[in-house]
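A.B. asks: For reference, the structure I am asking about is given below.
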Amino acid sequence: MQTSAALIGDIPASRKALGRGLIIAASLGLAAVLVWQILFVSGNVEEGFDTWRPVLYAYLAWAVVLGVSQVIIRGEAGQRALFVLPAVLFTISMVIFPTAFGIYIAFTDWNLSSFEGRQFNGLDNLRALFEDSYYWNSLGNMAFYVAMVLVEYAIAFGLALLLNAEIRARRFFRVVFLLPFMLSPVAISWMVGKSLMEYRFGPAANLARFLGWEKPAFFTEPWIAKISIEVMDAWMYIPFMMILLLAGLQAMPRDVSEAARVDGANGWQTFWKITFPLMLPVSVTAIVLRIIFKLKLADIIINVTAGGPGGATDSVTSFIYREYRDRSNVGYGTMLAEFYLVIIIIFMLTLLRFVSRWLRKLD
Amino acid sequence: MSSTTSAIEAAAAAERSAARYDQSRAARIISRTAIYGALLLWAFICLFPIYWTLTTSFKTAKDVQQGALIPFVDFEPSWIGWKSLGLSPDTIFETSTVREEFLARFINSVVTSLSASMLAIVIGSLAAYGLSRFEYKWGPFRNKDISFFFLSQLILPPVVLALPFLVLYKEVAMLDSSIGLILLYALMVLPIVIWIMRDQFKSIPAELEEAALVDGLSSWGAFLRIVVPISLPGMVAAFILSLVLCWNEYFFAALLTSTDAKTLPVMVASQTGSQGINWWSMAALSSAAIVPLCIVGILLERYIIKGLSTGAVK
């Protein structure tokens, strides 16, 4: 392909100036709308817009002009930049700006149901967070839920091996095994958590009674409730890991395991000596992705137990959800969320570093 | 000499293998039974909740209380669940406010998930293509950093964005609007789309586009005319996967919508009345939320698996 120097070379100076002029004009326009609206909201100007939406339109117009002027100034290189620019601008405006705004909210005392409105209160929220035993409890629950990913992984691996074996009706079983992943967590919360596992008439409770558990209440004892939630979440996401592992198994060279079998290794030995080590990279991908999804766990808990009994099933997300829904506590809730984000980032970075070092040592 | 020894050896080997054959036949039958037993057990675990949901929508209060399982044997099916949504045979031609409410939510869900997936596919594919073909240098950021920036959005928990967006959307009058949800859902699936599509584009040889560039097409022309048609299956896979995630999304919808833009999951979650839960109508609603994706899953399973397993195997 051509070098970028050759791509920029033949753009006349007047065209470059035009492009730069466009950017400057658009930026000035955006700044003008923004400043005007700030002045209006703060009461310095009489006329203004009812909402901030015109600022949004101004931002959109600015983004379009930025894209167009890239092509005008840099030609082919600008066209190439245009591939990535929309996604970058979209993500930055949808993530960076709200997160920055969220950090500001996190340090305010802002309850939507009180009349006082937003007030800066420094580190009070952070102090309250450290004393909030329910929040720490929910973080502890998250540790349990994340640890259970290993059990899910074992089951998913077993299912992937089954699907990879020489079986009839493989496609049927693959479709059926995939189905739980497609289902709405809310519908499942109600029809499984609240109906199928219902104490009086639910088939799951009847089965448990049949098996000798006298009082099959799935959501009253803290640990049993926690495990019940985990079982439902596992049921929905095991297909996800199963598919990843199945793809890994199918990509594995067949002659390796066959050679082992000829050498007299039985199935168990072949699995531990050959299949499992070869599958490690895929396994790591599956587990890491699954942990990422697990850290967002909320829908089932919100709908089935609302965190109960006594916070035993709460995930961080469902706890913050209720902090907002029941108490309208935007400031404090945001502080909890931002703190969670920091913990997640540290956890994931540590995990990834640990995993990559471990994989390198194995090679 | 050598031929006789080899004949004797062959005979001994045949005898041994016959003995092993009997033994291995028994082992084989046992292992077959175990494999199919496990497969059928898990298939039952996967299907039973769906079966329970569908049948409960035909149960009257009495049948629900008894935990009836099999239609026509344990209980006499009635249209009660679908009647409560105005969708049973005798109510479907009458005007029904419940049905209108339900259809509005259903259409909201369809519009939101389709548009969000579409938006994510368009900007995600463009970005993935750019990142897999061209060298970028924006300030200190190179391709690797830009890719990492996109993928790192995957770990961002929704709860971090939810409250700021609640406030921001209120300020720009986008609270309780489908557009607001579409933008958020597109953001949510964008990293997944970029991940899948980057892999797709990497598997297409760059020579194809180089030939097109020589023929005088611009990089956009080459992308639209040559790359898009080839990578269409990958795009479909990413689209279906996004669709599943957006259709089922509950958290943002519950916080950011109230009347106009409410989606189906929110309607399902808000079905508790003053006299407890009407299980038949809850089951009918849940079926309506589940069945479309079950159909998608059965028909397009190939694409979902393709989408999910991208990047797993290098």
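The values are calculated or read from the model by the stated rules, or taken from the named source; none is laboratory data. Note that the coordinates shown come from a computational prediction; the quantities given were computed from them, not determined experimentally. Please note: Cβ atoms are built from the backbone with ideal geometry, for glycine as well, and neighbour counts cover all protein chains shown. Protein only, heavy atoms only, side chains kept; ligands, DNA and RNA dropped before computing areas. Shrake-Rupley method; radii C 1.70, N 1.55, O 1.52, S 1.80 Å.
A.B. asks: Size of the range B:200-314 along its principal axes in angstrom, Cα-based, largest extent first?
C.D. replies: In descending order, the Cα extents are 72, 29, 22 Å.
A.B. asks: Contact order normalised by length for the range A:217-363, with contacts defined as Cα pairs under 8 Å and 6 or more residues apart; what percent is it?
C.D. replies: Reported as a whole number, the value is 25 percent.
A.B. asks: Compute a Gaussian network model of chain B, connecting alpha carbons closer than 10 Å, and tell me which residue from B:T272, B:T60, B:T263 fluctuates the most.
C.D. replies: Judging by the Gaussian network model, the answer is B:T272.
A.B. asks: Could you give the distance between the Cα centres of the range B:33-56 and the range B:238-260, to the whole Å?
C.D. replies: Value for the Cα centre distance between the two parts: 28 Å.
A.B. asks: Additional query: Return the average number of partner chain Cβ atoms within 10 angstrom of each residue Cβ along peptide A:76-82. Each step should come with its number before you reach the end.
C.D. replies: Working: counts 5, 4, 0, 7, 9, 4, 4.
Mean partner shielding for this stretch: 5.
A.B. asks: Taking the Cα atoms of the protein assembly as shown alone, what are Rg (to one decimal) and Dmax (as a whole number) in Å?
C.D. replies: Rg then Dmax for the protein assembly as shown, in Å: 28.8, 115.
A.B. asks: To continue, here is another question. Any idea what the relative contact order of chain B is, in percent, if you count C-alpha pairs under 8 Å spaced at least 6 apart?
C.D. replies: Relative contact order for chain B comes out at 26 percent.
A.B. asks: Still on this structure: For every other residue with a beta carbon closer than 14 angstrom to the beta carbon of B:W79, add +1 if it is Lys or Arg and -1 if Asp or Glu, then tell me the sum. Don't skip to the answer; put the middle values down first.
C.D. replies: Numbers: positive: B:K59, B:K83, B:R99; negative: B:D63, B:E76, B:D90, B:E94.
Net charge around B:W79: -1.
A.B. asks: Pop out the Kirkwood hydrodynamic radius of the range B:154-236 from its pairwise C-alpha distances, inverse of mean 1/r, in Å to one decimal. Before the final figure, lay out each step's value.
C.D. replies: Values: mean 1/r = 0.0640 Å⁻¹.
Here the Kirkwood hydrodynamic radius works out to 15.6 Å.
A.B. asks: I've got another one for you. Which of these, B:S286, B:S219, B:S132, has the largest mean-square fluctuation under a Gaussian network model of chain B (Cα springs below 10 Å)?
C.D. replies: B:S219
A.B. asks: Chains B and A: how much accessible area gets covered up at their contact, both sides added, probe 1.4 Å, in Å² to the nearest hundred?
C.D. replies: Buried area (both sides, nearest 100 Å²): 9000 Å².
A.B. asks: Jot down the per residue volume, in cubic angstrom and as a whole number, of the convex hull over the alpha-carbon atoms of chain A.
C.D. replies: 239 Å³
A.B. asks: Report the label-to-label distance for A:D326 and B:I35 in nanometres (one decimal), using points 7 Å from each Cα along the Cα→Cβ vector.
C.D. replies: Spacing of the two 7 Å Cα→Cβ label points: 5.1 nm.
A.B. asks: In addition: In whole angstrom, how long is each semi-axis of the equivalent ellipsoid of the range A:4-106, when you take the square root of 5 times every eigenvalue of its Cα gyration tensor and sort them from largest down? Don't jump to the answer; show the numbers that get you there.
C.D. replies: Numbers: eigenvalues 207, 66, 16 Å².
Over the Cα atoms of the range A:4-106, the semi-axes work out to 32, 18, 9 Å.
A.B. asks: I've got another one for you. Per-residue ellipticity at 222 nm for chain A, helices alone: DSSP H runs ≥ 4 residues times -39500 (n - 2.57), over residue total, nearest 500 deg cm²/dmol?
C.D. replies: When only DSSP H runs of four or more count, the value is -23500 deg cm²/dmol.
A.B. asks: Continuing with this model, one more query. Quote the charge dipole size of the range A:4-106 about the Cα centre in Debye, to the nearest 20; the model charges only the Cβ of Lys and Arg (+1) and of Asp and Glu (-1).
C.D. replies: Charge dipole, the range A:4-106, about its Cα centre: 400 debye, nearest 20.
A.B. asks: Add +1 for every Lys or Arg and -1 for every Asp or Glu among the other residues with Cβ under 12 Å from the Cβ of A:I105, and state the total.
C.D. replies: -1
A.B. asks: Work out, in µm²/s and without decimals, the Stokes-Einstein translational diffusion coefficient of the range B:136-200 at 25 °C, 0.890 mPa s, Rh from Kirkwood over C-alpha pairs.
C.D. replies: Rounded, D is 181 µm²/s.
A.B. asks: Output the relative contact order of chain A, whole-number percent, from Cα pairs under 8 angstrom with separation of 6+ residues.
C.D. replies: The value is 21 percent.
A.B. asks: Pick out, in residue order, every one of the GluC sites (Glu not before Pro) in the range A:163-243 that is DSSP loop and has at most 14 other C-beta atoms within 10 Å; say none if there are none.
C.D. replies: A:E166, A:E214
A.B. asks: Considering the dipole of the protein assembly as shown built from charges on the beta carbon (Lys and Arg +1, Asp and Glu -1) around the Cα centre, which of A:F83, A:S138, A:I343 is farthest to its positive end?
C.D. replies: A:F83
A.B. asks: Of the lysine pairs in the range A:129-362, how many meet both conditions: Cα atoms under 26 Å apart, and a spacing of 8 or more in sequence or different chains? Walk me through the numbers before you get to the answer.
C.D. replies: Numbers: A:K194/A:K215; A:K194/A:K226; A:K194/A:K294; A:K194/A:K296; A:K215/A:K226; A:K226/A:K294; A:K226/A:K296; A:K273/A:K361.
So the count works out to 8.
A.B. asks: What number comes out for accessible area per residue over the protein assembly as shown if the probe is 1.4 Å? Units Å², please.
C.D. replies: Result: 48 Å² per residue.
A.B. asks: Can I ask one more? Which residue fluctuates the most in chain A, going by a Gaussian network model with Cα springs under 10 Å, if the choices are A:Y134, A:Y57, A:Y104?
C.D. replies: Of A:Y134, A:Y57, A:Y104, the Gaussian network model singles out A:Y57 as fluctuating most.
A.B. asks: Averaged across B:49-61, how many Cβ atoms of other chains sit within 10 Å of each residue's Cβ atom?
C.D. replies: So the per-residue partner count for this stretch is 3.
A.B. asks: Mean projection of the alpha-carbon convex hull of the range A:65-219 over all orientations, in nm²?
C.D. replies: With the hull built on Cα positions only, its mean projection is 19.8 nm².
A.B. asks: So if I take the centroid of the Cα atoms in the range B:275-292 and the same for the range A:255-277, what is the distance between those two points in Å?
C.D. replies: For the range B:275-292 versus the range A:255-277, the Cα centre distance is 49 Å.
A.B. asks: Then there's this: Can you give the local net charge around B:I240? Use residues other than it whose beta-carbon is closer than 11 angstrom to its beta-carbon, Lys and Arg +1, Asp and Glu -1.
C.D. replies: Overall, the nearby charge balance is +1.
A.B. asks: Taking all protein chains in place and a 1.4 Å probe, what share, in percent, of the accessible surface of the protein assembly as shown do carbon and sulfur account for? Let's see the in-between values first.
C.D. replies: Values: 21390 of 32400 Å².
Result for the protein assembly as shown: 66 percent of the exposed heavy-atom area is carbon or sulfur.
A.B. asks: What would the Debye formula give as log10 I(q)/I(0) at q = 0.11, 0.15 Å⁻¹ for the alpha-carbon point model of chain B, no solvent?
C.D. replies: Values, matching the q order: -0.88, -1.23.
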